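First comes the structure, then the notes that go with it.
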Amino acid sequence: MNSSIFISFVFHAVLIIVTALSLPFLSKKPLNIPPIVSVELIQIAEKTNIPFAPKAKKIIEKVKEKEKLVSEQAPPKKVKKTKTKTVVSPDQKNNKIESQTPEAIPLPDKTVKKVLTKEENKQNPEKVDKEVKQVSEFEKKDLFDPNNIAALIDKSKEESAKVVKKNNNITQDQERNIDNTGLTLSEEDALKAQIFGCWSIPLGLPYNENLLVRIKLKLKPDGSVTKTEILDHARMNKPGQGFYKVLAESALRAVKLCQPLRVPTTGYERWKELQLNFDAREMLEG
Amino acid sequence: MIKKIITLFLILIPINSFALIEVDITRGNLDPLPVAVSPLSIDEKSRKSFNKMLNKDNIGEEISNIVENNLRTSGLFNPLNKEAFLQAPDIANLKPRFEDWNLIKAQALITGKVSHVDKKLRVEFRLWDVLAAKEMMALAFTTVPNNWRRVGHIISDKIYERLTGEKGYFDTRIIYVAEEGPKTQRIKKLAIMDQDGFNNKFLTLGNELVLTPRFNPTSQMVTYLSYFKNLPRVYLLDIETGTQEVVGDFPGMTFAPRFSPDGKKIIMSLAKDGKSDIYTMDLENRIVEKITNHPSIDTSPSYSPDGKYVTFNSDRSGYQQIYIMKSDGSDVKRISFGNGLYGTPVWSPRGDLIAFTKLHKGKFYIGVMRTDGKGERLLTENYYQEAPSWSPNGRVLIFYRETKTNDKGEGFTAKLWSIDLTGYNERQIKTPTDASDPSWSSLLSN
């Protein structure tokens with residue numbers, strides 16, 4: 001008796017795990033979404049991603065991975081400060097980037113892509129716009145059809161009044177969902193974009209060393225930081241770790257400079273503690 | 001068993017919902033760090049006595065100007081305009097009002113005090129982290145008043161090191177060939193100056209042609225080439241004492257002598273029988289050793305900082321390219337494969353890069369590549385420029401650049417320029433005469 005329950009249990013567990021791990025990949029392949037399109041999605045609203053987040057988390061990570069590859073040689077500048085929403089012509093932008101990113105010498109043929117990725121981040125924090133809420137759209141339809149995205153966005157604008165109403169009635173289920181998924185992509189990107197702008201990367205750092213500074217933050221609901229803790233604090237004062245110390249200090253300065261952090265307006269419980277991983281390698285390698 | 005598994009499940013499920021959210025910050029801004037260099041405060045009595053001694057109205061301001069200028073030329077810092085400072089220098093040095101400095105967007109603040117103690121100049125300075133509202137460093141120096149410029153450079157080095165994690169390069173000197181007269185009859189003298197162009201001094205009279213001065217990486221010693229009765233000779237010059245000695249006469253042409261990293265050997269190329277090979281000479285016993293043996297022209301050798309390898313240029317492939325080999329001459333490997341001719345390779349003191357001059361389609365470039373030849377980056381392009389030399393921290397290159405003469409043979413100039421590894425921070429270093437063949441010293445204060 002016991003053994004059959006056990007076997008049944010194991011099989012069920014295996015099924016659950018397999019489902020949890022593989023289901024996202026069984027859905028339509030969204031991997032071909034061009035990075036620029038995915039970012040258009042990200043920036044729209046703070047709750048945009050909630051309904052599909054658990055399922056699509058991995059997919060999104062892959063897309064992000066792709067984005068990273070694209071922008072690897074493209075250290076963007078002053079993410080926070082450049083607030084213009086007007087699209088600057090690629091040529092102009094190129095000049096700007098080249099003259100402002102000292103450490104990297106970008107290859108000319110990659111600069112256009114660079115501009116695209118830059119635009120994405122730039123717009124994120126600014127565009128957390130109340131009228132453009134897509135929540136309901138994602139609930140209704142399969143999200144990852146790149147061809148329909150433009151249509152979705154337009155539609156959502158038209159239906160904004162209705163959508164807002166819906167948002168106010170977030171069900172308990174949805175809230176639990178929030179708790180389980182951490183920050184949504186748009187929330188995370190808003191926060192990232194803000195810190196990108198505050199962080200002055202120490203340019204003298206060697207690009208080939210493993211320099212990753214992890215900082216744990218305790219936050220107030222308004223986004224101000226009550227406590228910062230460097231997780232590898234012991235490494236700071238070890239001899240020969242001068243670069244690490246410099247990087248850690250620059251990261252702390254970035255957090256201080258960025259206060260109050262651009263945190264979501266809801267779900268304080270899930271982000272009252274945050275961990276920021278500062279890694280400058282991508283920028284320094286150029 | 002079942003209970004255990006269920007308990008395990010119960011334990012695992014909540015972990016998921018309380019996992020700490022991680023956000024990866026992989027980008028930032030690459031603007032120079034905004035710093036505020038508050039003038040060093042000085043009491044009235046000290047100010048007057050230094051004014052008498054050094055003929056400088058306010059030595060505190062002068063020193064802070066040196067620091068400010070050094071930080072700015074590094075390209076990594078952006079010293080803010082002093083007119084925007086709200087707090088007086090003397091009060092700022094005691095306890096800065098960080099809100100005031102925050103207001104002008106300073107991230108670091110430098111304050112200090114100068115005083116006259118026992119006929120000496122005493123300078124103390126503090127580096128503050130404005131955002132963290134805490135002191136990062138505090139140091140004091142006492143020296144003879146005439147050394148005030150060096151104090152400014154040493155302070156700059158300390159700040160640079162504290163804020164970037166790598167050693168500075170401000171308390172250093174540059175030796176170069178000062179040139180005067182028409183192009184066909186140039187008078188060439190050996191000259192030395194501080195890295196910012198001040199304290200220029202001529203070391204030779206200009207009777208004989210001097211070429212390729214090179215600093216010893218460990219001391220204030222220079223090796224250079226000079227002609228004596230039309231024969232090239234390698235000389236050693238001690239800059240502190242001024243003593244000069246002939247290392248040796250070499251048959252045929254000698255080129256580009258350079259020290260080994262420990263300062264005990266000189267490596268150079270000698271031309272004999274229509275070919276040119278690389279030789280070393282032990283400075284203690286004067287034994288000369290042949291390192292390369294190839295019918296081609298091998299020149300411009302430069303040691304890696306650990307002394308295990310040598311980079312040089314050779315035309316053994318048909319065109320002049322850069323090679324590296326073990327310091328005993330074995331394992332010769334070509335590392336440059338781009339279009340054009342490559343020459344004057346110099347190994348970075350950090351060991352990670354090799355700087356070179358490249359000639360391609362009639363233009364001269366100064367560039368760097370990794371020691372395996374990958375990652376070639378051209379930093380600057382011009383009509384004629386060559387002979388890069390590294391700053392002791394391996395972040396900046398100094399080289400010289402000549403301008404084109406017009407039809408009448410006028411308008412020719414040769415000037416020293418520096419550029420950092422980013423390729424954006426290019427500056428001319430002012431010299432009283434035309435200048436070529438610069439070599440950067442190691443840090444004086446080490």
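Could you say whether any residue in the stretch B:252-260 is of a type in the set (Phe, Trp, Tyr) and at pLDDT below 90?
First pass over the stretch B:252-260, keeping only residues of a type in the set (Phe, Trp, Tyr): B:255, B:259.
Now restrict to residues that are at pLDDT below 90: B:255.
Yes: the stretch B:252-260 contains one or more residues that are of a type in the set (Phe, Trp, Tyr) and at pLDDT below 90.
Going through the stretch B:53-74 one residue at a time, which ones are within 14 Å of chain A (Cβ to nearest Cβ) and in contact with a Lys or Arg (Cβ under 9 Å, 6 or more places away or on another chain)? Even if it seems obvious, please write down each step before you answer.
Step one: filter the stretch B:53-74 for residues within 14 Å of chain A (Cβ to nearest Cβ), giving B:71-74.
Within the stretch B:53-74, B:THR73, B:SER74 qualify.
What is the one condition in (1) surrounded by fewer than 22 Cβ atoms within 10 Å (Cβ to Cβ); (2) on the phi > 0 side of the Ramachandran plot that B:ASN425 does not satisfy?
(2)
Condition first: over 21 Å from B:PRO34 (Cβ atoms) and within 21 Å of the chain's Cα centre (by Cα). Now tell me which residues in the stretch A:230-259 satisfy that.
Hits for the stretch A:230-259: nothing passes.
Show me the strands (runs of 3 or more DSSP E) found entirely inside the stretch B:312-370 where at least 3 residues are farther than 22 Å from B:ASP420 by Cβ. Before you say what the answer is, go through the steps one by one.
Working: elements: B:321-326, B:341-347, B:353-360, B:363-370.
Passing ranges, in order: B:321-326.
Checking B:SER445 against (1) in a loop (DSSP other than H, G, I, E, B); (2) more than 9 Å from the chain's Cα centre (by Cα); (3) in the same structural domain as B:PRO305 (by TED's automatic domain parsing): exactly one of these is not met. Which one?
Of the numbered conditions (1) in a loop (DSSP other than H, G, I, E, B); (2) more than 9 Å from the chain's Cα centre (by Cα); (3) in the same structural domain as B:PRO305 (by TED's automatic domain parsing), the odd one out for B:SER445 is (3).
Which condition number in (1) part of a strand (DSSP E or B); (2) in contact (Cβ under 8 Å) with a residue 60 or more places away in the chain is the one that B:GLU124 fails?
Of (1) part of a strand (DSSP E or B); (2) in contact (Cβ under 8 Å) with a residue 60 or more places away in the chain, only one is false for B:GLU124: (2).
Using the structure shown, decide if B:ALA414 is under 15 Å from the mean Cα position of the chain (by Cα) and surrounded by 21 or more Cβ atoms within 10 Å (Cβ to Cβ).
Values: under 15 Å from the mean Cα position of the chain (by Cα): no; surrounded by 21 or more Cβ atoms within 10 Å (Cβ to Cβ): yes.
No: the conditions fail for B:ALA414.
Filter the stretch B:158-174 for residues that are buried (at least 24 other Cβ atoms within 10 Å of the Cβ) and either at pLDDT below 90 or over 12 Å from the mean Cα position of the chain (by Cα) (or both); which is farthest from B:PRO432 (Cα to Cα)? Spell out how you get there, then give the answer.
Here is the first cut: in the stretch B:158-174, the ones buried (at least 24 other Cβ atoms within 10 Å of the Cβ) are B:159-160, B:163, B:168-171, B:174.
Going one step further and asking which of them are either at pLDDT below 90 or over 12 Å from the mean Cα position of the chain (by Cα) (or both), we end up with B:159-160, B:163.
On the way: B:ILE159: 30, B:TYR160: 28, B:LEU163: 33 Å.
This residue is B:LEU163.
Can you confirm whether the stretch A:265-286 contains a residue that is closer than 30 Å to B:GLY423 by Cα, out of contact with any Asp or Glu (no Cβ under 7 Å at 6 or more places or on another chain) and among the basic types (Lys, Arg)?
Checking the stretch A:265-286: at least one residue is closer than 30 Å to B:GLY423 by Cα, out of contact with any Asp or Glu (no Cβ under 7 Å at 6 or more places or on another chain) and among the basic types (Lys, Arg).
To keep it simple, each residue is scored yes or no on (1) in contact (Cβ under 8 Å) with a residue 12 or more places away in the chain; (2) closer than 28 Å to A:GLN194 by Cα.
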residue: B:THR26; (1), (2): no, yes
residue: B:LYS48; (1), (2): no, no
residue: B:GLY60; (1), (2): yes, no
residue: B:VAL67; (1), (2): yes, no
residue: B:ILE110; (1), (2): yes, yes
residue: B:ALA140; (1), (2): yes, no
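Being buried (at least 17 other Cβ atoms within 10 Å of the Cβ) and touching a His at 6+ places or on another chain (Cβ under 8 Å) narrows it down to one of B:SER336, B:SER314, so name that one.
On the way: B:SER336 fails: touching a His at 6+ places or on another chain (Cβ under 8 Å).
Step by step, each of B:SER336, B:SER314 is checked, and only B:SER314 is buried (at least 17 other Cβ atoms within 10 Å of the Cβ) and touching a His at 6+ places or on another chain (Cβ under 8 Å).
Restrict the check to the stretch A:231-242 and report whether at least one residue is charged (D, E, K, R) and touching a residue at least 40 places away in the same chain (Cβ under 8 Å). Explain how you work it out, then say what you get.
Just the residues of the stretch A:231-242 that are charged (D, E, K, R), to begin with: A:232, A:235, A:238.
Right, trim to touching a residue at least 40 places away in the same chain (Cβ under 8 Å) and you get none.
Within the stretch A:231-242, none of the residues are charged (D, E, K, R) and touching a residue at least 40 places away in the same chain (Cβ under 8 Å).
Please find, within the stretch A:187-201, the residue that is nearest to the chain's Cα centre (by Cα) out of those that are more than 7 Å from chain B (Cβ to nearest Cβ) and farther than 14 Å from B:ILE21 by Cβ. Write out each step before concluding.
Start the filter on the stretch A:187-201 by keeping residues that are more than 7 Å from chain B (Cβ to nearest Cβ), which leaves A:187, A:189-190, A:193-194, A:198.
Cutting the leftovers down to farther than 14 Å from B:ILE21 by Cβ gives us A:193-194, A:198.
Details: A:ALA193: 8, A:GLN194: 11, A:CYS198: 16 Å.
Filtering first and then ranking leaves A:ALA193.
Can you confirm whether the stretch B:29-52 contains a residue that is in a helix (DSSP H, G or I) and either within 14 Å of chain A (Cβ to nearest Cβ) or at pLDDT below 85 (or both)?
In the first step, residues of the stretch B:29-52 are kept if they are in a helix (DSSP H, G or I); the result is B:44-52.
From what's left, either within 14 Å of chain A (Cβ to nearest Cβ) or at pLDDT below 85 (or both): none.
Checking the stretch B:29-52: not a single residue is in a helix (DSSP H, G or I) and either within 14 Å of chain A (Cβ to nearest Cβ) or at pLDDT below 85 (or both).
Hey, can you tell me all the residues within the stretch A:253-269 that are surrounded by 20 or more Cβ atoms within 10 Å (Cβ to Cβ) and either within 8 Å of chain B (Cβ to nearest Cβ) or closer than 25 Å to A:PRO206 by Cβ (or both)?
Within the stretch A:253-269, A:ARG253, A:ALA254, A:VAL255 qualify.
Identify, please: which residue in the stretch B:419-442 is assigned to a loop (DSSP other than H, G, I, E, B) and either within 12 Å of the chain's Cα centre (by Cα) or of a type in the set (D, E, K, R) (or both) and is, among those, farthest from the other protein chains (Cβ to nearest Cβ)?
From the stretch B:419-442, those assigned to a loop (DSSP other than H, G, I, E, B) are B:421-425, B:430-433, B:441-442; that's our starting set.
Those left that are additionally either within 12 Å of the chain's Cα centre (by Cα) or of a type in the set (D, E, K, R) (or both): B:421, B:430, B:441-442.
Working: B:LEU421: 8, B:LYS430: 23, B:SER441: 20, B:SER442: 18 Å.
Only one residue fits best here, namely B:LYS430.
Being surrounded by 15 or more Cβ atoms within 10 Å (Cβ to Cβ) and more than 17 Å from B:ILE175 (Cβ to Cβ): is that true of B:ARG233 here? Can you show your working first?
Numbers: surrounded by 15 or more Cβ atoms within 10 Å (Cβ to Cβ): yes; more than 17 Å from B:ILE175 (Cβ to Cβ): yes.
Yes.
For the stretch A:218-251, name all the residues that are within 17 Å of B:VAL23 (Cβ to Cβ), buried (at least 18 other Cβ atoms within 10 Å of the Cβ) and within 10 Å of another protein chain (Cβ to nearest Cβ).
A:LEU247, A:SER250, A:ALA251
Restricting to the stretch B:390-411, and then to whatever is of a type outside the set (Ser, Thr, Tyr) and under 18 Å from B:ALA178 (Cα atoms), can you tell me which residue is surrounded by the most Cβ atoms within 10 Å (Cβ to Cβ)? Spell out the reasoning first.
Quick first cut of the stretch B:390-411, residues of a type outside the set (Ser, Thr, Tyr) only: B:390, B:392-399, B:401-402, B:404, B:406-411.
Pick out the ones that are also under 18 Å from B:ALA178 (Cα atoms) and you get B:398-399, B:401-402, B:411.
On the way: B:ILE398: 22, B:PHE399: 25, B:ARG401: 22, B:GLU402: 19, B:GLY411: 10.
The extreme case among them is B:PHE399.
Here is a list of conditions, (1) within 30 Å of B:VAL37 (Cα to Cα); (2) assigned to a strand (DSSP E or B), and B:ARG162 meets all of them except one; can you say which number that is?
Every condition holds for B:ARG162 apart from (2).
The values are calculated or read from the model by the stated rules, or taken from the named source; none is laboratory data. These numbers were taken from a predicted model, which means no experiment stands behind them. Counting neighbours? That spans all protein chains shown, and the Cβs are built from the backbone with ideal geometry, glycine included.
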